[in-house]
Number of protein chains: 4
Amino acid sequence: MVGASGYTGEELVRLLLGHPEVDLVAVTSRQFAGKTIAEVFPRFAHQKATGALKFSEADPTELARNARIVFLALPHGLAAEFARPLLAAGARLVDLSADFRIKEAAVYKEFYGHDHPAPELLGESVYGLPEIYRDRIRNATLVACPGCYPTSMLIPLRPLIRRRAIDRRTILVTSMSGVTGAGRKVEADYLFSECNESVRPYGVPKHRHLAEIEQELSRLARERIVIQFTPHLVPVNRGIATTIYAEISDAVVSLDPAVVFDGAYGQEPFVRLLGEERLPDTKNVTGTNFIDIAWRIDQRTHRLIIMSAIDNILKGASGQAVQCMNLMLGLPETAGLI
Amino acid sequence: MVGASGYTGEELVRLLLGHPEVDLVAVTSRQFAGKTIAEVFPRFAHQKATGALKFSEADPTELARNARIVFLALPHGLAAEFARPLLAAGARLVDLSADFRIKEAAVYKEFYGHDHPAPELLGESVYGLPEIYRDRIRNATLVACPGCYPTSMLIPLRPLIRRRAIDRRTILVTSMSGVTGAGRKVEADYLFSECNESVRPYGVPKHRHLAEIEQELSRLARERIVIQFTPHLVPVNRGIATTIYAEISDAVVSLDPAVVFDGAYGQEPFVRLLGEERLPDTKNVTGTNFIDIAWRIDQRTHRLIIMSAIDNILKGASGQAVQCMNLMLGLPETAGLI
Amino acid sequence: MVGASGYTGEELVRLLLGHPEVDLVAVTSRQFAGKTIAEVFPRFAHQKATGALKFSEADPTELARNARIVFLALPHGLAAEFARPLLAAGARLVDLSADFRIKEAAVYKEFYGHDHPAPELLGESVYGLPEIYRDRIRNATLVACPGCYPTSMLIPLRPLIRRRAIDRRTILVTSMSGVTGAGRKVEADYLFSECNESVRPYGVPKHRHLAEIEQELSRLARERIVIQFTPHLVPVNRGIATTIYAEISDAVVSLDPAVVFDGAYGQEPFVRLLGEERLPDTKNVTGTNFIDIAWRIDQRTHRLIIMSAIDNILKGASGQAVQCMNLMLGLPETAGLI
Amino acid sequence: MVGASGYTGEELVRLLLGHPEVDLVAVTSRQFAGKTIAEVFPRFAHQKATGALKFSEADPTELARNARIVFLALPHGLAAEFARPLLAAGARLVDLSADFRIKEAAVYKEFYGHDHPAPELLGESVYGLPEIYRDRIRNATLVACPGCYPTSMLIPLRPLIRRRAIDRRTILVTSMSGVTGAGRKVEADYLFSECNESVRPYGVPKHRHLAEIEQELSRLARERIVIQFTPHLVPVNRGIATTIYAEISDAVVSLDPAVVFDGAYGQEPFVRLLGEERLPDTKNVTGTNFIDIAWRIDQRTHRLIIMSAIDNILKGASGQAVQCMNLMLGLPETAGLI
């Protein structure tokens, strides 16, 4: 595992240490090199190996030789740099950054503001959302785990778009995220007293995650989809609540979302369908790898409203990464996650 | 003042005690009758009169005789019962409940689930939003203060609808409210450990406030307007963050929202225009009677995004009530509020 | 399991459902009878059996026949009522209430304000703190799990008292507890807006937990010990931070707390010793069954300061109950807890 | 006013802008030079002068000439540097840092780790706690405002020490502070997700504020007093809850704290005595300049327990600074504060 100083890295360490079928053989970090996991993360000082396993400097050849899967939990841009030698050395990668999510280098540049550091690898990567790409993930060499916001809306939207149940030009999404979503950035904006008792929109109107959201929706729809998306920061540690609106397609005579969602996700291990009576609450998913989904038809406006909740660090990042790893290694998909 | 056991009642007591131009002559409450204000609200045990002024049972004749303005801070339904004898006795009323906001008894019944208790008074009431009805409020006998959500969207939407800048059929609003918005209801849903670390939608798809929002928007537009609105509960004490979307009207060649908002609100004492560079944050308005408004044009979707923030208890309730009172008494509109 | 409507009951259900060595065969609750676990606790709607297992009315004979261990997660007073027929029917009980913690009925009456409902059972019960009574718990028929505050101070104080390292007349304890400590009581004091942005002492000077704290300290010391204890309520969901002060015993020439604590707890599975360099933080123990303990000697005042942190619902209640069950059933003590 | 980038500086700006008897003529800040107050502090963008008044670089001569009082809201160490030329130029200073609180340069060095930058000024300064030094503050040239923790305990302890009601060798204090107490330090420890859902002791056993606390207690007692003090960080923005323990003096036959406190503080404008029935809660003092004080006698331990609550930024810093300024200028002591 490469890079572990952020919240997703910490959570990934926790999941891998507790995983019944895998061993965490190496954790690298420039910042923490030489320290044990127990020293850096007092929260799980008790887990097996934490007193013995030390952070080291990353050595691609050795990592590729010793680990069946290498996770990259690095800032955007840096991940691609590490990926190249690791892939060359034969490693299979699960990347938690945005570096390999975007298929077109030009779109990457538009949203991230600089040239892609390894454009030749973009074709190889698989978007790590098992609910859409399960089969491809199994055999992938390079998995690009989705962002937290995209996860919270792609899973709900996928069956609706596939079934042409909604008018694709009318999709509008509002999300609220906990503060760990900003990572462990030491910036004044994320100090306790700046976030506590504060609710605020940000990244308006063109948040970076739009690039991958629209890419994936367009692939599902086989036509170009543009959506509206506004994220907000709310004072919780974890959780994303997403509320999605779309007009019901004129072509649909009588939409029964329950049929659509049950058909798509009735057997999914990490999708819980709350239906038309209940509503999601982030506190029911934090600490888990689940996505909870509820919906309502508003007859007054002829719109479908879909609401989801995930833990941004688990189903929105590290949990999803482990889910992908399970698929890649042929393990039960829920191993280490339930 | 009638009824003071809720958060809006408490805040109204605080504002009136600190107001330089008025005296709080009576506070009634069945629950607290006989206790001093200082005993019930330790927070402002120091303010003038709090040790002497006691809660009493409501006596309409005496209230009407002694007070130039009577505030009703009562639950929906109960306010109308108190209003009738008070008006008969000659009082001028500022009502903080929903009882007199809706002009049509049928709409009231649709949204509140029972017949209106005093339909004959509906014609008399003035909707207490000074930014729209300032002149009528000055001379009103019965002012119905708007709800918190309506305030946060009617002020931003008014000039856009007046100027026909947006397509009225495409208005969609997402709001996030602090927990005082639920009042001091002693219900399990509002316990600390149920709200803390929780983000959740509620009242989907037909929140009661929709009735007054659509009524007021329709009056502004002179045609029937239906909107989409989803409120969410977030773990802060106070504050509403509202994000509004609407397609820019095809009739508009080049929309400059700054011109529209400056024209409408450049002189308003409680409207702060943040423009296209900054974004609102509830922490900048809590404890104040201001509404902060920012906007962005999204060229990709041809939509205008308007974001506002208010304190739900002040500009969303008690502050607005005092602003109305100032108008009714011919006082400076900002007296006791800045 | 009898009673599951509170936070400790909910957490106990979660632990038992996830436990690798036991099955939860019955959950009783008057309030929820007929509902499935998944309906009542949406948070763990996914776990095995939650869709099938329904809450039922309690039937002592059947419970005693079907379950190797019966947990009582009931309010004080009610637990004793249920215990009697269950014990008569041959059940082994783990009680999470205060009913069987106090050995003397007179002390119970002093602190709880009414006669003990089953004084004849007091002699039988074992105080369920494995770090002190591990052997007795293994063979117990009736285990009385300690309160959350007592756990946070008895574990740190035990070796110091045993070794006569501190002056027993000078023990003074300040604790800060998260709001779940008050249970799921629907009272105005525990509403979100009353607890959020609030810090306050309560239960001063004679909190009920003092009865069991002093009882257990006195048993350790073999003399009557009286301490000072002040709890405070702080706005977190979970966690107790406890800070303990005591004068270093004059008899001790040179106290090395590390030697004392390592000797006592070096092998304990749920005690983490932070020593003299680090400090505990509730966020490192919430969600776990650990107690973190740090200490400092203050040469200026000749006092030892010991600081601990636990999760009040886990090590302070349901986790400890499962730890006791593991001992009673001869399972690994950490089963289902790490 | 010199320095305004921290929370105390911001609050002081707010108080001075709203003060009915003074004008804020200059605000200096290297970081913000050239910006208006409205730009830097959007929260009070509306107040008089905020759009016109710009931050400037500090010019001692000009400040001394133009301002009747100069406030220093600077980090420790820097304040003393600015004080020297300002005093030389004839200014009267209110310093909010720790630089002039300690009377002995040796003690300063012990607790702050470096030599005092202007030891010759230590004799001149007056400790800015009006409840103790009101008369000296009136005529002072250099007022050193107390720290937040010292304020929360010196006011409660003063009359008890004066009256010899408690045993001075047994004073022990536990405090809990909101996160603004750490200032606007951009450090990982104070990020939202590190403080939220966290309770933790810090600065054990020798917090810097001990220096001034013991200095002032010793002056009151006319003998050397050493106390025990442990601060804790809790997840609120503002507020300090302090719980003080001391053994009742053997010399006292029958202590009635109400008589002691009423005698000392019955006329104090910012002290609210809650007595033996009620308990303080930080939420009742945040946003105000009050200190709330309650007490209990514990007959079991022969100790007096005194609990106080203040807003750490107001009575603990900026509010107290304005209170001092009011005294220095001969204004009503409560001007601009109630």
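The values are calculated or read from the model by the stated rules, or taken from the named source; none is laboratory data. Bear in mind that the values here come from a model prediction, so they are computed numbers and not experimental data. Note that each Cβ is placed from the backbone with ideal geometry, even for glycine, and that neighbours are counted across all protein chains shown. For accessibility, only protein heavy atoms count, side chains too; no ligands or nucleic acids. Shrake-Rupley method; radii C 1.70, N 1.55, O 1.52, S 1.80 Å.
The ratio of the alpha-carbon radius of gyration of region C:85-132 to the globular-protein estimate 2.2 N^0.38 Å is 1.19. The mean of 1/r over all pairs of different alpha-carbon atoms in region B:73-162, once inverted, gives a Kirkwood hydrodynamic radius of 13.6 Å. When the charge dipole of chain C is built from unit charges on Cβ atoms (+1 for Lys and Arg, -1 for Asp and Glu) and taken about the Cα centre, the candidate among C:ILE132, C:PRO280, C:ASN312 whose Cα reaches farthest toward its positive end is C:ILE132. Using the Cβ-Cβ distance between A:GLU39 and A:TYR202 with R0 set to 30 Å, the FRET efficiency from 1/(1 + (r/R0)^6) comes to roughly 0.30. For peptide A:24-31, the mean count of partner chain Cβ atoms within 10 Å of a residue's Cβ comes to 0.
At a probe radius of 1.4 angstrom, the accessible area of chain A per residue rounds to 35 square angstrom. Put simply, what bits of region B:292-326 lose 40 Å² or more of accessible area when the other protein chains are there, versus the chain on its own (1.4 Å probe)? Those are B:ARG300, B:ARG303, which lose 40 Å² or more relative to the chain on its own. Oblate is the label for region A:118-209, because the ratio a/c of its alpha-carbon gyration tensor axes (a ≥ b ≥ c) is 1.5 or higher and a/b is not greater than b/c. Check each residue of region C:241-275 and keep those whose accessible area, probe 1.4 Å, is at least 50 Å² smaller with all protein chains in place than in the chain alone; give them in order of residue number. Those are C:TYR245, C:ARG272, which lose 50 Å² or more relative to the chain on its own. I want to verify the translational diffusion coefficient of region A:107-147 in µm²/s; compute it with Stokes-Einstein, Rh as the Kirkwood radius over Cα pairs, at 20 °C and 1.002 mPa s. Once the numbers are plugged in, D ends up at 190 µm²/s. Applying the Kirkwood pairwise sum to the alpha-carbon positions of region C:213-338 produces a hydrodynamic radius of 16.2 angstrom. A cut-off of 5 Å between modelled amide H atoms, ignoring neighbours fewer than 5 places along the same chain, links D:PHE71 with D:VAL2, D:VAL94.
On C-alpha positions alone, give me the angle between the axis of helix C:148-162 and the longest principal axis of chain C, in degrees, nearest 10. So the inclination is approximately 40 degrees. Per atom type, region D:145-207 shows carbon and sulfur on 43% of its accessible surface, probed at 1.4 Å.
Share of region B:231-290's accessible area from carbon and sulfur, percent, 1.4 Å? Present the calculation step by step, with values, prior to reporting the outcome.
Details: 960 of 2130 Å².
The C+S portion of the solvent-accessible surface of region B:231-290 is 45 percent.
For the protein assembly as shown, DSSP calls about 55 percent of its internal beta bridges antiparallel. Each peptide in A:215-224, D:251-260, D:287-296 receives the mean, over its residues, of other Cβ atoms within 10 Å, and ordering these scores from highest gives D:287-296, A:215-224, D:251-260. Proximity of backbone amide H atoms, modeled 1.01 Å from N, is registered between B:ARG278 and no other residue at under 5 Å, excluding neighbours fewer than 5 places apart on the same chain. For the cross-link pairs C:LYS185/D:LYS283; A:LYS185/D:LYS315; B:LYS35/C:LYS109; D:LYS109/D:LYS185; A:LYS283/C:LYS206; D:LYS109/D:LYS206, the ones whose C-alpha atoms lie over 25 Å apart are A:LYS185/D:LYS315; B:LYS35/C:LYS109; A:LYS283/C:LYS206. Working value for the protein assembly as shown: equivalent-ellipsoid semi-axes of 45, 44, 34 Å, each the square root of 5 times a Cα gyration tensor eigenvalue, largest first.
Hydrodynamic analysis of region A:214-262 uses the Kirkwood radius over alpha carbon pairs. Inserted into Stokes-Einstein at 10 °C and 1.306 mPa s, it gives a translational diffusion coefficient of 112 µm²/s.
With no solvent and one equal point scatterer placed on each C-alpha of chain D, evaluate the Debye formula and give log10 I(q)/I(0) for q = 0.06, 0.15 Å⁻¹, two decimals. Listed by q, the Debye log ratios stand at -0.20, -1.31. Buried accessible surface for the D/B chain pair comes to about 1300 Å², total over both chains, computed with a 1.4 Å probe. Counting only DSSP beta bridges whose two residues both lie in region C:256-336, roughly 65 percent are antiparallel.
Compared with the dominant Cα axis of chain C, that is its longest principal axis, helix C:7-18 is turned about 70°.
When D:LYS206, A:LYS283 are compared by accessible area at a 1.4 angstrom probe, the order from most to least is D:LYS206, A:LYS283. Bins of 5 Å, beginning at zero and ending with the bin holding the largest distance: percent of Cα pairs per bin for region D:133-284, please. Calculated over all Cα pairs of region D:133-284, the distribution is 2, 8, 16, 20, 19, 16, 11, 6, 3, 1, 0 percent. If you take all C-alpha pairs in region A:265-338, what percent of them are over 20 Å apart? More than 20 Å apart: 37 percent of the Cα pairs in region A:265-338.
Between 0 and 90 degrees, the angle of helix C:78-88 with respect to the longest Cα principal axis of chain C falls at about 70 degrees. Kindly identify region A:142-182 as rounded, prolate or oblate by the Cα gyration tensor criterion: order the square roots of the eigenvalues as a ≥ b ≥ c, call it rounded if a/c is under 1.5, otherwise compare a/b with b/c, prolate if a/b is larger, else oblate. It comes out oblate by the Cα gyration axes. Shape analysis of region B:1-111 based on the Cα gyration tensor places the equivalent ellipsoid semi-axes at 25, 15, 12 Å, largest first. Counting only Cα atoms, the size of region A:49-89 along its three principal axes is 31, 23, 16 Å, in decreasing order.
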